[in-house]
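Quick notes on the structure that follows.
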Amino acid sequence: MVLQATSRIPVQPLIPPTSTFSAARQVLSPADVDFEHLVGPEGWRRLAPDIRQRFTEKPTVRQPIRYLGVMRQVGGSPIGAVLAQCCRLIGTPFAPYRAADVPVAITLRHEPSGGVIWEREYRYLDRPAATVRSTKRVGDDGALLECVGFGLGMRLAVFEANRALHFLSLSYFWRVGRREFRLPALLSPGTAHVIHEDLGAGRFRFSMTIHHPLFGLLFDQNGAFERETQPKTLTEGVQP
């Protein structure tokens, strides 16, 4: 799908540029998530400067990176809502409840074994807070992986389109010890597509959809965020 830099995500995912795959064949250290390398030099130059800055900076053991904002929509289908509840058994990879205008904190933490931990804390108005957590790291083949609990994860293409940074799932896997099994598309959540779009003035939009090949749209989220410069409450975050 051809994207425009808007607050909504089209229904069908983009086909990532072939440069995404050639870059992935140049193997990186698992501890080194180098987004410039993964995107490729041409796409990296086209990204908005603030996006390049955000994805160049790395959290350290003592200094996590934190963004505050509001998810204008935490939506999806009834099937997606059931799946989100079931997946709480493996570490809550999806926001467990649907709602609008949810204050959210995004925190990036250093992962000692390699990669970066990404946390999204959803502060629902009428439900308990929930934290979605995953780890982005580089696989043995040089591809970007996003890993959740119990050895489950997905391979991602990373590319630029319309000056925004895109993450598109290519496949899902289940790792048991040293063995890795690729999950059939019908048994996976579906194609995940995340867009990081710069809004100017230090703000950015986070948008995510997940489409299942049979059940269609399962999850749909979008919101606006900015860097936390001093401690504040989530309700003081960026308004969408």
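Structure notes:
- Yes/no for Arg45 being free of Cβ contacts under 8 Å to residues at least 12 places away in the same chain, under 20 Å from Thr229 (Cβ atoms) and not aromatic (Phe, Trp, Tyr): no
- Those residues of region 199-217 which are touching a helix residue (DSSP H, G or I) at 6+ places or on another chain (Cβ under 7 Å) and either without any contact (Cβ under 8 Å) to a residue 40 or more places away in the chain or polar (S, T, N, Q) (or both), in sequence order: Pro213, Leu214
- Of all residues in region 157-179 being in a strand (DSSP E or B) and farther than 24 Å from Trp44 by Cα, the one that is nearest to the chain's Cα centre (by Cα): Tyr172
- Note on region 16-52: residues that are crowded, with 18+ Cβ neighbours inside 10 Å, in a loop (DSSP other than H, G, I, E, B) and either at pLDDT 95 or above or among the charged types (D, E, K, R) (or both) amount to 3.
- When Glu160 is tested against the conditions (1) surrounded by 18 or more Cβ atoms within 10 Å (Cβ to Cβ); (2) in contact with a strand residue (DSSP E or B) (Cβ under 6 Å, 6 or more places away or on another chain); (3) not hydrophobic (A, V, I, L, M, F, W, C), the lone failure is (2).
- Just one residue in the set Asp126, Asp101 is charged (D, E, K, R), touching a residue at least 60 places away in the same chain (Cβ under 8 Å) and surrounded by fewer than 17 Cβ atoms within 10 Å (Cβ to Cβ); that residue is Asp101.
- Taking strands (runs of 3 or more DSSP E) as the structural unit, those lying wholly within region 83-151 and holding at least 1 residues that are polar (S, T, N, Q) and farther than 21 Å from His211 by Cβ correspond to 99-110, 130-138.
The values are calculated or read from the model by the stated rules, or taken from the named source; none is laboratory data. Since the structure is predicted, the reported quantities are computational estimates derived from the model, not experimental observations. Here Cβ is always computed from backbone atoms with ideal geometry, including for glycine, and neighbour counts include all displayed protein chains.
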